[in-house]
Amino acid sequence: MKMKNTILKEFEERFHTAPQLYASSGRINLIGEHTDYNGGFVFPGAIDKVIMAAIAPNETDRVRVFSIDINEEAEFGLNEGDIPAQSWARYIFGVCREILKRGGTVKGFDAVFAGNVPLGAGLSSSAALESCFAFALNDLFNNNTIDKFELARIGQSTEHNYCGVNCGIMDQFASVMGRKGKLIRLDCRSMEYEYFPFAPDDYELVLLDSKVKHELADSPYNKRRASCERVAARLGLETLRDATMEMLDSIRSDISAEDYFRAKFVIEEKERVLAVSDALNAGDYETVGKMMYETHKGLSKDYEVSCEELDFLNDTAKECGVTGSRIMGGGFGGCTINLVRKDLRDSFISTAKSRFQERFGHEPEVYPVVISDGARKVEL
Ligand code: GLA
């Protein structure tokens, strides 16, 4: 409520017209990490942390956007050469350009936005920003004729072409397609998906933010993807989706040790997501948790996207008897996601906070997870 009023007030003061209001969400991912760009499965859900934007067409060919959180305005045109200097504004510029490249319509507009998705925490604040604007511009200028998959792809292409991150489709898909109380199992090759209700009686999902900031652009993220693509090509496959450990072992001496371990993680992770689907259907949260720990191990040892702080949080979870715990998102910092029994929740959080503080000099931030709707128009 407070965010909505702040945004509307700022818009009124700057632009003196009546805007429409839109929002899109950050995401969690239960399991299936670094599998999306390998044609595998992911298991995300949208959360109750959003980017919200007030937007109104301005009858010009210029875009004026004010970010409340950064306290900065950007102005740009809609041609390829008009790319703004501010990195945050490139997400919005990219969305405009990707809609135009697909034959859609974008005209000049004014916008004010703010958010409560923590930045660099692995909760996909950038996907929330892209999805919020893609959804809004589809509504304002395209009569909602661009389908939701395409809106997600518009966000993904924005990352590739304007932000330097060769990401998969998971974050934007979850941000656009998220539904209250439901996780989504998405097959990133066929784009078939299924909603899974997630409201266990005895368990809760808790995020612990290490506060180690990750920056995916120009990061080892793109290198991880390149490793996977090299191995797939070596196996004569389009992606690692159809690769097996036997196939990988058969080319082990022809590829680098690094590429071998990256591909090993991806192949194993694919199986874990399927095991988690079965376990969720059976209400078997112990197995879900076991798989989460396995994923952490793989991400830390084989995929090497962990850091000391995240490994520490994972060890602490294990020692506290937490059912499942792992790095979430791209890695290199950000959060662990923890599947914890409700009766253990408080003691786990206080132990994790005090141990982490003692070791690293600051507390991890705790976010409870509320699985929520994705991109939407907000009632004024
Ligand atoms: C980032 C990317 C996603 C996905 C995850 C890792 O969040 O944006 O596409 O690859 O990392 O699973």
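Just so you know, all these numbers are worked out from the coordinates, no wet-lab data involved. Given the structure is predicted, the values throughout are model-derived calculations rather than measurements. Backbone-built Cβ (ideal geometry, glycine too); neighbour counts: all protein chains shown.
Brief remarks on what is shown
- In this structure, residue 226 and residue 359 have a Cβ-Cβ separation that, at R0 = 35 Å, corresponds to a calculated FRET efficiency of about 0.55.
- Acute angle (nearest 10 degrees) that the helix 257-281 long axis makes with the longest principal axis of the chain, alpha-carbon atoms: 80 degrees
- Among the listed pairs 49/213; 2/377; 290/353; 107/223, those beyond 26 Å (Cα-Cα): 107/223
- Selection of trypsin sites (Lys or Arg not before Pro), region 208-271, meeting DSSP coil and at most 16 other Cβ within 10 Å: 213
- Length released on extending from residue 282 to residue 2, taking residue separation times 0.36 nm less the Cα-Cα span: 96.8 nm
- Scaling against 2.2 N^0.38 Å puts the C-alpha radius of gyration of region 33-129 at 1.21.
- Å³ per residue enclosed by the Cα convex hull of region 203-369: 119 Å³
- Value of Rg/Rh across the chain [Cα atoms, Kirkwood radius]: 0.98
- Summing charges over all other residues whose Cβ lies under 14 Å from the Cβ of residue 197, with Lys and Arg as +1 and Asp and Glu as -1, gives +2.
- Principal-axis analysis of the Cα atoms of the chain puts helix 2-15 at an angle of about 30° to the longest axis.
- Per DSSP, loop GluC sites (Glu not before Pro) in region 326-380 with at most 12 further Cβ within 10 Å: 379
- Seen against the Cα atoms of the chain and their longest principal axis, helix 148-158 is set at about 90 degrees.
- Charges were assigned to the Cβ only: +1 to each Lys and Arg, -1 to each Asp and Glu. The resulting dipole of the chain about its Cα centre is roughly 280 debye.
- Between the C-alpha center of region 152-210 and that of region 327-380 there is a gap of 17 Å.
- At full extension, residue 377 and residue 244 could sit 43.5 nm farther apart than now, given 0.36 nm per residue minus the alpha carbon distance.
- Globularity index of region 46-103, i.e. its alpha-carbon radius of gyration over 2.2 N^0.38 Å: 1.20
- Annotation for residue 9 and residue 119: the two label points, set 7 Å from Cα along the Cα-Cβ direction, are 2.2 nm apart.
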